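Asks: Once you've had a glance at the structure underneath, I'll fire off some questions.
The values are calculated or read from the model by the stated rules, or taken from the named source; none is laboratory data. Being a predicted model, the structure only gives us computed values, none of them experimental. Note that each Cβ is placed from the backbone with ideal geometry, even for glycine, and that neighbours are counted across all protein chains shown.
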Amino acid sequence: MSEAPTIDYDDAARIAFDATSPANRGGLRIGLEVEYLPVVVDDDGCPAGRPNLPTLLHVLDGLGTPTTVAGNPALDLGRLGVVTFEPGGQIEHAGPPLPPGRALEVAAVVESAVAERLAAAGMASLSLGWDPWHDPETVGQQLPGDRYRAMDRYFRRRGDLGPQMMRNTCALQVNVDTTLDRWKTACVIAPLLTATFATAPDAHAGSRRASIWQRLDPTRTGVPSPDRGPADALFDLALMADVLLVRRPGGSIPGVPGWTFADWIDRDHPVYGRPDEADFAYHLTTLFPEVRPRRGWLELRGIDALPARSREAAVVLVTGGLYDGRAADEIREIMSPHLHDLSDLWRNAARAGLTHPTVGSLADAVWAAALDGARRSGLFDEAHLASAEEYLDRWVATRQAPGRWLAERTPEEVVAWAASTATVTA
């Protein structure tokens with residue numbers, strides 16, 4: 001039982017408010033969290049296995065200063081951010097808050113450095129939303145920290161999708177400064193991000209990665225309602241979400257599906273007692289809505305991992321749509337008939353992607369407004385804007401995101417497309 005003071009609903013609401021309060025960063029900044037899927041490739045360029053974490057650390061030696069994050073190995077890149085690893089050994093680069101163009105440049109520099117080291121060792125870093133070739137049980141749990149071991153056990157109690165999500169998926173997370181208008185706009189575009197930027201090779205789904213998340217644990221995922229402010233939305237989700245794990249001296253204990261945080265506040269647990277403030281604050285880090293307010297940021301979590309050129313398009317459109325006031329107003333107006341069926345749109349985006357008539361037509365209108373906003377903003381050079389225009393012409397206009405196109409390619413072609421740090425013609 002915790003010795004710290006226990007909390008009630010008012011305490012929890014205060015913590016949620018503090019966790020979502022805007023931060024003044026002095027100018028327009030975004031944060032990028034870029035994930036790659038490391039794979040061994042054979043002489044024909046086909047995927048032939050996934051490296052384990054010790055191998056990756058050896059291959060990436062010299063990229064940064066070895067450190068740890070939450071008990072797991074990491075590489076400190078100084079002003080370029082930090083490299084961490086996901087449970088299946090996926091590589092994640094979290095860049096510092098920067099103007100959008102500069103954030104893209106830093107991401108490209110680190111990506112090139114990672115790709116060069118992996119290539120020298122017979123590997124490639126792939127920007128794909130999902131690994132279609134390797135069994136996650138064979139990949140194995142790579143991280144030693146308590147969190148991921150407990151998370152693995154918890155998700156196994158809910159079904160068989162935990163290993164897929166933890167070990168075989170990759171995303172691009174775009175973080176923007178919190179304001180109420182940006183929150184509302186981010187919520188309404190969340191389903192369109194899922195449909196537009198799907199790169200998991202799958203002929204039968206709009207986004208395999210999103211489909212996995214939707215079925216994994218519905219108590220802690222979903223599209224927030226823009227009618228609720230970020231603090232209220234996070235508070236509501238946190239109370240109704242099952243407790244994923246309990247941290248106590250000696251380790252983390254996985255939760256039991258059906259036991260919510262509200263249950264924990266209302267009733268003493270026979271082993272863990274009542275929750276304290278640290279329990280609730282940590283619980284917030286185990287929630288995974290498509291737009292997650294955290295530490296003054298809005299984390300947009302609906303984008304699959306993207307190669308460099310496509311990543312530029314995503315950043316241009318997200319920034320143009322959320323930071324240009326005129327574009328944001330236009331987008332909210334376009335989406336206004338769908339404010340109360342965003343969850344349905346998200347499910348349709350995962351199932352059918354841009355081929356769904358409503359999702360496809362909304363993507364056309366919303367991204368056109370966002371691109372106009374990016375042009376007005378003056379934040380991007382012509383090459384960045386061209387990337388966005390090309391992406392919309394190639395994928396949105398034809399109602400086919402990259403994932404379905406990749407499903408029709410050979411493994412060698414998928415590797416070549418996903419490993420590219422420049423343009424690969426599709």
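Asks: Any chance you could count how many residues in region 387-419 are aliphatic (A, V, I, L, M), crowded, with 18+ Cβ neighbours inside 10 Å and closer than 17 Å to Val41 by Cα?
Replies: 4
So that you can scan it fast, the table gives a plain yes or no per residue for (1) part of a helix (DSSP H, G or I); (2) among the basic types (Lys, Arg):
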{"position": "Arg301", "(1), (2)": "no, yes"}
{"position": "Gly320", "(1), (2)": "yes, no"}
{"position": "Ile331", "(1), (2)": "yes, no"}
{"position": "Ser336", "(1), (2)": "yes, no"}
{"position": "Arg347", "(1), (2)": "yes, yes"}
{"position": "Ala350", "(1), (2)": "yes, no"}
{"position": "Leu362", "(1), (2)": "yes, no"}
{"position": "Arg394", "(1), (2)": "yes, yes"}
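Asks: Another one. Please go through region 401-426 and give me each residue that is at pLDDT 95 or above, out of contact with any Ser or Thr (no Cβ under 7 Å at 6 or more places or on another chain) and not in a helix (DSSP H, G or I), ordered by number.
Replies: Ala407, Glu408, Arg409, Thr410
Asks: Out of region 129-159, which residues are more than 21 Å from Asp217 (Cα to Cα) and touching a Gly at 6+ places or on another chain (Cβ under 6 Å)?
Replies: Val139, Gln142, Gly145
Asks: Run Arg50 past the list (1) in contact (Cβ under 8 Å) with a residue 40 or more places away in the chain; (2) surrounded by fewer than 21 Cβ atoms within 10 Å (Cβ to Cβ); (3) not in a strand (DSSP E or B) and report the number of the one that doesn't hold.
Replies: (2)
Asks: Shifting gears a bit: Can you say whether Ala124 is among the small types (Gly, Ala, Ser), in contact (Cβ under 8 Å) with a residue 12 or more places away in the chain and outside any loop (DSSP other than H, G, I, E, B), as far as the supplied structure shows?
Replies: Yes: the conditions hold for Ala124.
Asks: Within region 265-299, which residues are among the aromatic types (Phe, Trp, Tyr), closer than 30 Å to Val188 by Cβ and part of a loop (DSSP other than H, G, I, E, B)?
Replies: Phe288 - this is the single residue of region 265-299 that is among the aromatic types (Phe, Trp, Tyr), closer than 30 Å to Val188 by Cβ and part of a loop (DSSP other than H, G, I, E, B).
Asks: Still on this structure, I have one more. Could you please give the count of residues in region 61-82 that are under 28 Å from Thr286 (Cβ atoms) and more than 22 Å from the chain's Cα centre (by Cα)?
Replies: 3
Asks: May I ask you to list the residues in region 18-47 that are in a loop (DSSP other than H, G, I, E, B), within 30 Å of Ala186 (Cβ to Cβ) and in contact (Cβ under 8 Å) with a residue 24 or more places away in the chain?
Replies: Answer for region 18-47, where residues must be in a loop (DSSP other than H, G, I, E, B), within 30 Å of Ala186 (Cβ to Cβ) and in contact (Cβ under 8 Å) with a residue 24 or more places away in the chain: Ser21, Pro22, Ala23, Arg25, Gly27, Leu28, Arg29.
Asks: Kindly indicate the residue of region 249-279 that is among the acidic types (Asp, Glu) and under 30 Å from the mean Cα position of the chain (by Cα) and also surrounded by the fewest Cβ atoms within 10 Å (Cβ to Cβ) among those meeting that condition.
Replies: Checked region 249-279; the qualifying residue surrounded by the fewest Cβ atoms within 10 Å (Cβ to Cβ) is Asp263.
Here is a yes/no grid of residues against (1) in contact with a Pro (Cβ under 7 Å, 6 or more places away or on another chain); (2) of a type in the set (A, V, I, L, M); (3) surrounded by 18 or more Cβ atoms within 10 Å (Cβ to Cβ):
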{"site": "Ile91", "(1), (2), (3)": "yes, yes, yes"}
{"site": "Val109", "(1), (2), (3)": "no, yes, no"}
{"site": "Met123", "(1), (2), (3)": "yes, yes, yes"}
{"site": "Thr138", "(1), (2), (3)": "no, no, no"}
